[in-house]
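Derivation of every value follows stated rules applied to the coordinates shown; laboratory data play no part. Because the structure is predicted, anything quoted here is derived from the model rather than measured. Cβ atoms come from the backbone with ideal geometry, glycine included; neighbour counts cover every protein chain shown.
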Amino acid sequence: MVHPSCELGAKGAPSGVQAVRVFWLREVSKPQGAEVMTGYVEVDGHLRVARAHQVYLAAVPGHEKLGERMFADLRRSVRIPVEHLQAAGRVGAMSHDARVAVLRRDAYFRYRWPLSLDDVLNLERFRGLA
């Protein structure tokens, strides 16, 4: 889930959340997987953003030994009513640090804004969320 913040069902929270499609990293080629994991590729001796629409996701806790790493595709988002998630027992979207990393990648993908993690944290503080 990309939006809203980490807590679902909090007072004043929206009635829906934005979620993105998640894929197994093992389902793509090794070169593509490496680009997704690092987020960069070297071209003519310079680092460039690679696969701006994809965000690397570490293994789900408890599945690290299986190497079940994933990535999200920011081009494939959907709105989901919070009630559907709460009925399934879902109480959180992602950690704050993970959310900041995804917001940073999303800002670059959608607007080509090369924000640093500190920039995103400062914007979150301005909104009163950090």
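Mind ordering 75-86, 15-26 by average Cβ neighbours within 10 Å, highest first? Before the final figure, lay out each step's value.
Working: 75-86: 12.9, 15-26: 15.1.
Descending packing order for the listed peptides: 15-26, 75-86.
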For this session: Give the peptides 28-39, 102-113 in descending order of average Cβ contacts within 10 Å, highest first.
Result: 102-113, 28-39
Problem set entry | Within-11-Å neighbourhood charge of Gly33 [Cβ basis; K, R +1; D, E -1] | +2
Seminar exercise, completed: For the stretch 19-26, in residue order, the Karplus 3J(HN,Hα) values (coefficients 6.51, -1.76, 1.60; θ = phi - 60°; whole Hz; Gly and Pro = x) are 10, 10, 6, 10, 10, 6, 5, 5
